[in-house]
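Trainee: Can you read through this structure? Questions will come right after.
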Amino acid sequence: NYIYSNQIHLAGDYLSDFARLIRLILDNSRHEYISIDKEMECIELYLKLQKLRFDSKFDYEIIIDPELKHEDYQIPPMLAQPFLENAIEHGLKNINHPGELKVSYKLNKDILEFMVVDNGIGLAASGKVNENKEEKHESLAISICRKRLEVLRNRGMSKISFVIEELNNEDGSVAGTKVAFNIPYSHK
């Protein structure tokens, strides 16, 4: 769109960020563990590009436990991205109010708690939207994540787990979706 509308500088910035994101993803995917800093860089860049893509339809916040900034914590890469994509593509894309997406990493004893929370249309409504589309889009995030978690468990990470739940307001209306991970971490 930036190219078609002759906004060459903005197109260049977008393409530069996109290329950097691709390089980060390729580099991170070569490692069993990456630093939280690298994961945050990837998430920040991905969300920045998606926000541009959706014309600022949503805002995002990334919250990192201050304790995680003092140590070199290592986590499996790319666990968050499929759920960020689902939150944007299936939850926030179809709302008629300002979207909010919150990503948080919190240290709890020997477990890293990771959450993605959005104020989108929720799981049930998202499923109905996808049913009504002529071209069916099957989200693979959950099945890919389950397989990845199984591999990680087989490698001795028995405490790794995730939960997906629809959030509700006090009146019972849908308030969004929450994905929560418990991830064992390692030190570099």
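The values are calculated or read from the model by the stated rules, or taken from the named source; none is laboratory data. What you are looking at is a predicted structure, and each value in this text was computed from that prediction instead of being measured. Heads up, the Cβs are rebuilt from the backbone with ideal geometry, glycines too, and the neighbour counts pull from every protein chain shown. These accessible areas exclude ligands, DNA and RNA; they are computed on the full protein's heavy atoms, side chains included. Shrake-Rupley method; radii C 1.70, N 1.55, O 1.52, S 1.80 Å.
Trainee: Name every residue in segment 47-59 that is farther than 15 Å from Phe114 by Cβ and either open to solvent by 50 Å² or more (accessible area, probe 1.4 Å) or in a helix (DSSP H, G or I) (or both), in order of residue number.
Mentor: Selection gives Lys48, Leu49, Gln50, Lys51, Leu52, Arg53, Asp55, Ser56, Lys57, Asp59.
Trainee: Condition check: small (Gly, Ala, Ser), over 17 Å from the mean Cα position of the chain (by Cα), modelled with pLDDT under 90 and on the phi < 0 side of the Ramachandran plot. Does Ser35 satisfy that?
Mentor: no
Trainee: How many residues are under 27 Å from Lys93 (Cα atoms) and touching an Asp or Glu at 6+ places or on another chain (Cβ under 8 Å) when one looks only at segment 19-37?
Mentor: 1
Trainee: Identify, by number, the condition in (1) more than 18 Å from Pro184 (Cα to Cα); (2) part of a strand (DSSP E or B) that Gln74 doesn't meet.
Mentor: (1)
Trainee: Can we say Gly91 is surrounded by 15 or more Cβ atoms within 10 Å (Cβ to Cβ), within 16 Å of the chain's Cα centre (by Cα), closer than 23 Å to Arg146 by Cβ and of a type in the set (Gly, Ala, Ser)?
Mentor: When the stated conditions are applied, Gly91 passes them.
Trainee: While we're here: Is it the case that segment 164-184 has a residue that's at pLDDT below 85 and of a type outside the set (A, V, I, L, M, F, W, C)?
Mentor: Scanning segment 164-184, I find at least one residue that is at pLDDT below 85 and of a type outside the set (A, V, I, L, M, F, W, C), so the answer is yes.
Trainee: So which residues in segment 138-163 are modelled with pLDDT under 75 and open to solvent by less than 100 Å² (accessible area, probe 1.4 Å)?
Mentor: Correct list: Ser139, Leu140, Ala141, Ile142, Gly156, Met157, Ser158.
Trainee: Sort out which residues of segment 62-84 are under 15 Å from Tyr46 (Cβ atoms) and either surrounded by 18 or more Cβ atoms within 10 Å (Cβ to Cβ) or modelled with pLDDT under 90 (or both), and write them in order of number.
Mentor: Result: Pro77, Met78, Leu79, Ala80, Gln81, Pro82, Phe83, Leu84.
Trainee: Output the residues belonging to segment 144-185 that are basic (Lys, Arg) and in a strand (DSSP E or B).
Mentor: Lys178
Trainee: Next question. Would you confirm, using the coordinates I've provided, whether Leu101 is within 15 Å of the chain's Cα centre (by Cα), of a type in the set (A, V, I, L, M), open to solvent by less than 30 Å² (accessible area, probe 1.4 Å) and farther than 23 Å from Glu113 by Cα?
Mentor: For Leu101, the condition - within 15 Å of the chain's Cα centre (by Cα), of a type in the set (A, V, I, L, M), open to solvent by less than 30 Å² (accessible area, probe 1.4 Å) and farther than 23 Å from Glu113 by Cα - is not met.
Trainee: Could you grab me the full set of residues in segment 1-43 that are assigned to a helix (DSSP H, G or I), touching a residue at least 12 places away in the same chain (Cβ under 8 Å) and open to solvent by less than 40 Å² (accessible area, probe 1.4 Å)?
Mentor: Asp17, Leu21, Leu24, Asn28, Ile36, Glu39, Met40, Cys42, Ile43
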